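First comes the structure, then the notes that go with it.
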Amino acid sequence: MSEFAEPIAKLIDEFKRLPGIGHKSAQRLAFHILRTTSEDVERLAAALRDVKERITFCSTCHNMTDVDPCRYCTNPNRDQKLLCVVEEAHNLLAVERTGEYRGLYHVLHGALSPMRGIGPDDLKIRSLLERLRTLEVEEIILATNPTTEGEATANYVGRLLKPLGIKVTRIAMGLPVGSDLEYADEVTMHKAMTYRHEI
Amino acid sequence: MNLALLEASGFRNLSGSLSGQPGLNFLWGQNGQGKTSWLEAIAILGSTKSFRTHHLSETVTFGGQAAHLTAEVHRRSRVEKLEIHLEGSQKHLFINSKRVSVGDFLGHLDSFLYSREEMAIVRGEPGERRRFMDRGVLSLKPGYVQILADYNRTLKQKNALLKTVGEDGTRPPQFNDLLDVWNVQMVEHGTAIHRARTEYVNQLNQVLDARLFGNETVTVRYQSSLEGRGDLANYAKLITERLQVRREAEIAAGHALIGPHRDDLEILADGKDVAKFGSSGQQRSALLVLELAQLNLYHRHFDEYPLFLLDDIDAELDRDRIRTLLDHLEGQVQVFVTTSKKTLAEEYTGRAALSQIVSGQALTAVLIEN
Ligand SMILES: [Zn+2]
């Protein structure tokens with residue numbers, strides 16, 4: 001196999017570093033870029049730069065945002081008595097898509113996993129406890145993924161919250177076990193939120 | 001269920017097709033001609049897994065690009081076409097030419113296998129018998145796969161946590177809370193596994209034909225590693241207590257000591273452990289009795305029999321046992337038997353479909369024409 005010209009080889013290498021992109025897909029993407037107009041390429045490059053420059057994580061709830069604090073944290077119409085804890089920002093969107101939940105959020109940025117060396121200090125757990133000192137929350141909904149890691153995380157956070165005297169619930173009903181909230185359809189997710197139980 | 005036709009291309013050294021009849025099917029041929037590969041193809045079409053390798057890509061003919069297996073399966077009045085296409089690390093599954101997921105593909109051509117390797121169930125490590133029970137539970141309750149996965153994942157995570165304890169016994173921050181959290185799931189999933197396996201073993205005892213091959217009575221007994229430590233009927237409470245009592249021991253050992261991953265199955269002939277006290281003939285009989293009991297349970301559950309695959313039957317069993325076994329199965333279960341002994345196949349002329357396997361090809365009715 002002859003080598004590609006250096007700029008193409010470099011682009012292929014960059015694509016290959018993206019999740020889910022193998023060598024073949026990386027090649028296809030690189031050749032696609034090569035065929036598109038300069039304007040299209042400029043727009044793509046600008047979008048990449050923009051997302052890095054303008055999107056940050058909310059310093060309060062750790063959700064993805066372009067303003068800090070984020071719109072969920074500052075919206076006065078959201079129910080300040082409810083707080084939903086999720087693993088990742090995309091899980092927040094899954095809950096939000098149900099259209100039923102109007103409370104606040106907290107994104108942990110992961111789940112406990114001794115195998116991957118992820119402990120409580122690697123998650124946004126301490127900042128959750130700090131938030132609760134000033135918030136008047138009446139119920140905390142633990143919406144971590146229904147995996148063993150998500151269960152362990154919910155259980156761990158639940159134990160920390162118990163002494164605070166706040167009602168702690170765990171979503172459960174209807175979620176396909178071992179799956180990711182991202183893939184739960186809206187109906188399932190809606191049921192999961194409605195039939196959450198206290199832990 | 002019955003396999004009527006099996007076609008193979010690009011799979012090991014096989015080519016062409018093998019036709020099956022309800023009842024007994026003999027695959028006769030010299031060693032290395034591909035008899036076992038035909039059985040392997042049947043097993044893969046049923047389970048998407050091989051009993052010879054963990055990597056399906058190894059079954060693609062050496063130097064080839066892809067393998068394709070097609071089965072025509074008759075189930076009651078329905079005919080189904082099952083296909084597997086293997087290419088690189090990919091496997092594509094089809095039912096009646098429609099692409100389906102693994103979950104939908106399973107259950108259309110279930111089979112049980114008896115081979116030389118299966119003797120490890122009787123003679124081998126407890127892990128072999130745990131796998132035997134788990135496979136049995138899975139054949140009746142496919143959802144059990146999730147319980148097993150959750151338990152194994154929890155076990156790995158717990159072991160990883162226990163390994164964070166330093167040589168001098170220093171524990172990372174929040175260690176005790178974290179251990180509690182993983183133990184909660186050890187209890188939950190461990191209890192589910194204990195319940196599923198004990199139920200399965202009880203059912204096996206109910207249906208096994210205990211004296212099929214001789215005078216000894218074959219029975220099985222689930223042997224929990226928590227036996228003698230309290231009330232097994234309330235397993236969740238018992239394992240919770242044991243995890244508490246053995247907590248420091250688990251921390252010192254650096255891995256989990258409590259749970260159904262340490263359990264075993266006792267296989268008994270006249271009440272005695274057949275692995276320790278049985279002759280090799282008695283061990284083979286006991287194993288066959290268990291395999292047949294698995295077929296019966298499957299039948300009781302689904303109202304149809306799975307296929308039974310017997311690999312290299314005469315290397316494993318004497319003629320008397322073979323006759324008893326095949327007589328017992330005949331007319332109920334579709335059986336595929338491989339043998340290198342022509343005389344054995346000849347004995348079943350007229351009663352069985354016979355294929356001679358030469359260089360991977362199945363040539364039909366060679367002996368029946370005599
Ligand atoms: Zn926020």
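What the table shows:
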item	result
Pairwise centroid distance, computed over Cα atoms, of the stretch B:32-59 with the stretch B:324-359, Å	20 Å
Shape of the protein assembly as shown, Cα gyration tensor, a/c cut at 1.5	oblate
Alpha-carbon centroids, the stretch A:128-172 and the stretch A:1-48: separation in whole Å	43 Å
At R0 = 45 Å, FRET efficiency that the Cβ-Cβ distance of B:SER89 and B:ARG229 yields, to 0.05	0.50
Residue-by-residue Karplus 3J(HN,Hα) for the stretch A:118-134, coefficients 6.51, -1.76, 1.60, Hz, glycine and proline x	9, x, x, 6, 7, 10, 7, 8, 4, 5, 5, 5, 5, 4, 5, 5, 9
Under Karplus coefficients 6.51, -1.76 and 1.60, residue-wise ³J(HN,Hα) of the stretch A:101-108 in Hz, glycine/proline x	8, 10, x, 8, 10, 8, 9, 7
Using a Förster distance of 56 Å, the FRET efficiency for B:GLU58-A:ARG71 (Cβ separation, nearest 0.05)	0.55
Among the listed pairs B:LYS49/B:LYS91; A:LYS24/B:LYS49; B:LYS91/B:LYS156; A:LYS162/B:LYS158; A:LYS81/A:LYS162, those beyond 19 Å (Cα-Cα)	A:LYS24/B:LYS49; B:LYS91/B:LYS156; A:LYS162/B:LYS158
A:SER25 versus B:ARG171: modelled label distance in nm, points set 7 Å from Cα along the beta carbon direction	4.3 nm
Label-to-label distance, nm, for residues given as B:ARG131 and B:HIS68 (7 Å Cα→Cβ offset)	3.3 nm
Table column - 3J(HN,Hα) (Hz), the stretch B:90-107, Karplus curve with 6.51, -1.76, 1.60, x for Gly and Pro	8, 10, 10, 10, 9, 10, 6, 6, 9, 5, 10, 7, 4, x, 6, 6, 5, x
Positive-end residue, the stretch B:265-348 charge dipole about Cα centroid, Cβ charges, pick of B:THR338, B:SER285, B:TYR348	B:SER285
Ascending count of other beta-carbon atoms within 10 Å, so fewest first, for B:PHE302, B:PHE62, B:PHE26	B:PHE62, B:PHE302, B:PHE26
Two-site label geometry, A:ARG102 and B:LEU363: point separation in nm, points 7 Å out along Cα→Cβ	8.1 nm
Helix-only CD estimate at 222 nm, as mean residue ellipticity for chain B, using -39500 (n - 2.57) per DSSP H run (n ≥ 4)	-13000 deg cm²/dmol
Cβ charges +1 (Lys, Arg) and -1 (Asp, Glu), total dipole of chain B, debye	400 debye
A:SER127, B:SER97 arranged by Cβ crowding within 10 Å, fewest neighbours leading	B:SER97, A:SER127
Shape of the stretch B:28-97, Cα gyration tensor, a/c cut at 1.5	oblate
The stretch B:122-304, relative contact order [Cα under 8 Å, separation at least 6], %	30 percent
FRET efficiency, A:MET115 to B:VAL100 (Cβ-Cβ, R0 35 Å, nearest 0.05)	0.60
Net +/- balance of residues flanking B:GLN174 in space, Cβ distance below 14 Å, scoring K and R +1, D and E -1	-1
Under-5 Å amide H pairs with A:CYS84, H placed in peptide plane, nonlocal only	A:LEU104, A:TYR105, A:HIS106, A:ILE141
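Bear in mind that the values in this text are calculations on the coordinates, not laboratory data. Values in this document were obtained by computation on a predicted structure and should not be read as measured data. Here Cβ is always computed from backbone atoms with ideal geometry, including for glycine, and neighbour counts include all displayed protein chains.
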